[in-house]
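My questions all concern the structure below.
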Amino acid sequence: MNELKISVITVVFNGEETIEETIKSIVNQDYPSFEYIIVDGKSTDRTLDIVKKYESKISKIISEKDSGLYDAMNKGLKFSTGDFVIFINSGDKFSHAGVLSEVFNTKENDFSKTDVVYGETDIIDNEGNILHSRRHRPPEDLKYTDFLKGMLVCHQSFFARRTMCSPYNLKYKYAADYDWCLNVLKKSRLNYNSHKTISHFLEGGRTAKTIVPGLKDRYKIMCSHFGFLRATFWNVVLTVKFLWWILFHKWF
């Protein structure tokens with residue numbers, strides 16, 4: 001089988017404190033067939049200077065003003081050419097230098113029939129120390145209805161076949177990635193659980209700073225995909241679990 005080409009996309013804006021570790025985790029991958037696209041929102045700090053240090057290992061650099069995170073991610077999608085696409089944005093990174101090889105150089109899965117490849121995620125602090133695994137754990141056999149229970153697969157550990165990817169819906173300013181993954185999963189023929197820890201997600205990122213509007217966005221998306229009754233029921237369940245976690249820092 002011909003080697004699968006992977007498109008790795010990083011979106012960044014004023015990320016001088018985090019972008020270099022993200023870049024190094026990607027350009028040091030030992031997998032031979034991937035392209036790397038960086039979309040910068042016209043940063044005003046040292047971000048672009050850091051990016052240019054690695055210019056020879058980056059397939060495409062876009063630096064221009066955008067309308068926010070998901071607009072920038074759409075730009076990355078537009079220029080991607082791989083069989084599969086994954087987003088590793090500034091502050092996040094691949095778990096180790098061999099993860100792409102481990103995931104895609106295996107004979108246990110027929111990738112020609114697979115549209116989603118997914119795995120585990122660890123949460124890290126600003127120094128890169130692993131704090132714990134993500135509280136949502138990927139199911140063995142992922143279906144789009146599993147996302148009624150929340151985003152069970154972290155976006156940074158979700159490879160989607162590029163031809164299945166529609167643009168992010170910009171009317172969702174805080175949870176368009178949830179909607180995007182659902183759209184892919186609803187069309188997918190086969191989803192493959194790699195059982196690998198694919199990414200490290202930086203604790204306290206954008207989502208943590210926009211909790212309430214993010215929850216509102218998520219509910220609208222749930223209604224759109226699952227209908228009012230199912231969406232309302234599961235939204236109540238998830239909200240109660242989230243409040244419990246805030247109070248006691250654990251899930252029941």
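Read-outs throughout are calculated quantities, based only on the coordinates presented, and are distinct from any laboratory measurement. On a predicted model such as this, the values are computed, not experimentally measured, just so you know. In this analysis, Cβ positions are derived from the backbone assuming ideal geometry, glycine residues included, and neighbour counts consider all displayed protein chains.
In terms of Cα to Cα distance under 25 Å, which lysines are near enough to Lys60, apart from those fewer than 8 places away along the same chain?
Lys5, Lys24, Lys42, Lys52, Lys75, Lys78, Lys93
A further question follows. Where does each of Lys5, Lys107 land when they are ranked from fewest to most other beta-carbon atoms within 10 angstrom?
If I rank by nearby Cβ atoms, fewest first, I get Lys107, Lys5.
When averaged across all projection directions, what area in nm² does the alpha-carbon convex hull of the chain cover?
That works out to 13.0 nm².
Only Lys, Arg, Asp and Glu count, each charged at its Cβ (+1, +1, -1, -1), so figure out the dipole size of region 58-213 about its Cα centre, rounded to 20 debye.
Computed about the Cα centre, the dipole is about 540 debye.
Can you sort Thr114, Thr145 so the residue with the fewest Cβ neighbours within 10 Å comes first?
Thr145, Thr114
Okay, helix-only estimate at 222 nm for the chain: each DSSP H run of n ≥ 4 adds -39500 (n - 2.57), divide by all residues, round to 500 deg cm²/dmol; what do you get?
Computed mean residue ellipticity for the chain: -10500 deg cm²/dmol.
Oh, and also: Determine which aspartates and glutamates satisfy two conditions relative to Lys143: a Cα distance under 17 Å, and not lying fewer than 8 residues away in the same chain.
Asp115, Glu120, Asp177, Asp179
Give the shape of region 117-218 as rounded, prolate or oblate, defined through the alpha-carbon gyration tensor: a ≥ b ≥ c are the square roots of its eigenvalues, a/c under 1.5 means rounded, and otherwise the shape is prolate if a/b is larger than b/c and oblate if not.
Note, shape of region 117-218 comes out oblate.
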